[in-house]
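Below is one structure, written out as C-alpha cells, with a few remarks after it.
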Amino acid sequence: MTTSHPRIPLAGVIGSPIAHSRSPALHGYWLRRYGIAGFYIPMDVAQADLRDVLHCLPKQGFVGLNVTIPHKETVLAIADVVTDRAALIGAANTLLFRKDGRIQADNTDGAGFVANLRQHAPHWQPASGPAAVLGAGGAARAVVAALIEVGVPEIRIANRTRPRAEALRNDFGAKVVVHDWVQASNMIEGAATVVNTTALGMTGKPDFRLPLDALSPAALVTDLVYTPLKTQFLIEAEARGCHVVDGLGMLLHQAAPGFERWFGHRPEVDEATRRAVLGA
Ligand code: NAP
C-alpha cells in the first residue's frame with residue numbers, strides 16, 4: 001500500500017555560473033519570514049542539459065524556477081506556454097510548472113523595474129517626457145517594453161553595438177529612436193527618465209563615464225547595476241540634483257510574482273527585505 005504525503009514545494013534558479021546569484025538569499029529570507037515549508041535552490045545547468053532538467057524537475061517536486069544568464073532566451077523554445085510579455089521581450093526569467101504538466105514561461109523584469117521606480121520615486125511621471133536608455137541587451141528589452149506600457153512618449157536608445165539598438169527599434173516600433181553610442185551624452189537632454197541598462201559600473205567592470213552636462217535636475221535616474229548599490233553614474237547624477245534609484249529594488253520586485261505563484265504568498269518588498277539580501 002502506498003501513502004501519499006503532502007510534498008514540500010521546491011523552487012530555484014538555473015543559470016551558469018550561478019554562485020553569484022542573490023535569489024537564494026532573497027527567497028530563503030521570504031520562506032523563513034512567512035513560515036513557509038519550502039526550499040529555493042541554486043542550480044548550475046549546462047545548456048546541453050537544459051531540456052532534460054526542465055522536464056525532470058517537476059517530477060521531483062519543483063513548482064517553478066527563476067532563469068538567468070545564459071538560459072533566459074533558450075527556455076522560450078522549451079516552454080509549452082509563453083506569456084505575451086515574455087514573447088515580446090524575447091526572454092523569460094520565471095517558469096511555472098503547471099499542474100497540467102505544462103511549462104509556462106513569463107518575464108517579470110519589466111514589471112520589477114517599474115515597481116522599483118514607483119516605490120522609490122512616487123512622484124515619477126513616466127508620461128511627462130522622453131526616456132533615455134543606455135544599453136540594448138536582454139535587460140534593456142524588458143525595460144523598453146515596460147516604459148512603453150507605462151506611457152513614456154519616446155524612448156531614446158544608444159548601445160555600443162548599434163545593431164542591437166536597431167533590433168529594439170524594429171521590435172518595439174516608432175516610439176524607439178536609436179542614437180549613436182558616441183552621442184549618448186546628447187540624448188539625455190530633456191529626458192524625464194534616464195536608465196543605465198549596460199553592465200558598466202558593476203564591480204569588476206569599468207565605471208560608466210557619461211558626461212552629464214545635458215542632464216536636467218528634474219530627471220529620474222536609475223541604474224540596473226546593484227553591485228555596488230550606488231554606482232558612480234548614480235553618484236554623479238545625484239550631485240546634479242537628480243532623484244536616483246538603485247537597481248536592487250528591481251531584483252526584489254521581479255522576484256515577488258514567482259514567489260507568490262510557487263509558494264502561495266505575496267511577499268513584501270520592504271527595507272527588511274533589502275537588508276536581508278544585502279547582508280547575505
Ligand atoms: P547583456 O544582455 O549581456 O547586455 C549587456 C549590455 O551592456 C549591452 O548593452 C552591452 O553592449 C553593454 N556593455 C557591456 N560592456 C560594455 C562596455 N565595455 N562598454 C559599453 N557597453 C557595454 O546583459 P543584461 O542581461 O542586459 O544585463 C545588463 C546589466 O543589467 C547587468 O549589469 C545585469 O546585472 C543588470 N541587470 C539587473 C537586473 C536587476 O534586477 N537589477 C536585472 C537584469 C539585469 P553591447 O551590446 O555593445 O555588448
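Computed values, structure above
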item: Straight-distance crosslink candidates among aspartates and glutamates, where the alpha carbon sits under 17 Å from residue 230 and sequence neighbours closer than 8 are dropped; result: 207, 238, 246, 271
item: Relative packing of peptides 240-246, 126-132, 81-87 - highest average C-beta neighbours within 10 Å first; result: 126-132, 240-246, 81-87
item: Charge dipole of segment 1-120 about the Cα centre (unit charges at C-beta), most positive-ward option of 50, 79, 94; result: 94
item: Accessible area per residue in Å² at 1.4 Å probe, computed on segment 1-84; result: 56 Å²
item: Taking only Cα atoms of segment 1-68, radius of gyration then Dmax in Å; result: 13.4, 45
item: Alpha-carbon centroid distance for the pair segment 1-67 / segment 182-231, whole angstrom; result: 34 Å
item: Cα long-axis angle, helix 248-263 against the chain (0 to 90 degrees, to the nearest 10); result: 30 degrees
item: Scattering profile of segment 110-246 at q = 0.19, 0.22 Å⁻¹ [log10 I(q)/I(0), Debye over alpha-carbon scatterers]; result: -1.08, -1.54
item: Rounded tilt (10° steps) of 162-172 against the dominant C-alpha axis of the chain; result: 70 degrees
item: The chain, helix-only ellipticity at 222 nm - DSSP H runs n ≥ 4, -39,500 (n - 2.57), divided by all residues, nearest 500; result: -10000 deg cm²/dmol
item: Coordinate range along principal axes, alpha carbons of segment 179-245, Å, largest first; result: 31, 26, 15
item: Carbon/sulfur fraction of accessible area - the chain, other protein chains in place, 1.4 Å, %; result: 53 percent
item: Estimated D of segment 33-150 in µm² per second, where Rh is the Kirkwood radius over Cα pairs and Stokes-Einstein applies at 4 °C, 1.567 mPa s; result: 81 µm²/s
item: Fluctuation leader among 37, 115, 139 - the chain, Gaussian network, Cα springs under 10 angstrom; result: 37
item: Accessible area expressed per residue, segment 110-246, with surrounding protein chains retained (probe 1.4 Å, Å²); result: 43 Å²
item: Orientation-averaged projected area, Cα convex hull of the chain (nm²); result: 15.4 nm²
item: Highest-fluctuation residue, 121, 145, 184 considered, GNM on the chain with Cα pairs under 10 Å; result: 121
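The values are calculated or read from the model by the stated rules, or taken from the named source; none is laboratory data. Predicted model only: the values in this text are computed from it and were never measured. Cβ atoms come from the backbone with ideal geometry, glycine included; neighbour counts cover every protein chain shown. With ligands, DNA and RNA removed, areas are computed over all heavy atoms of the protein, side chains included. Shrake-Rupley method; radii C 1.70, N 1.55, O 1.52, S 1.80 Å.
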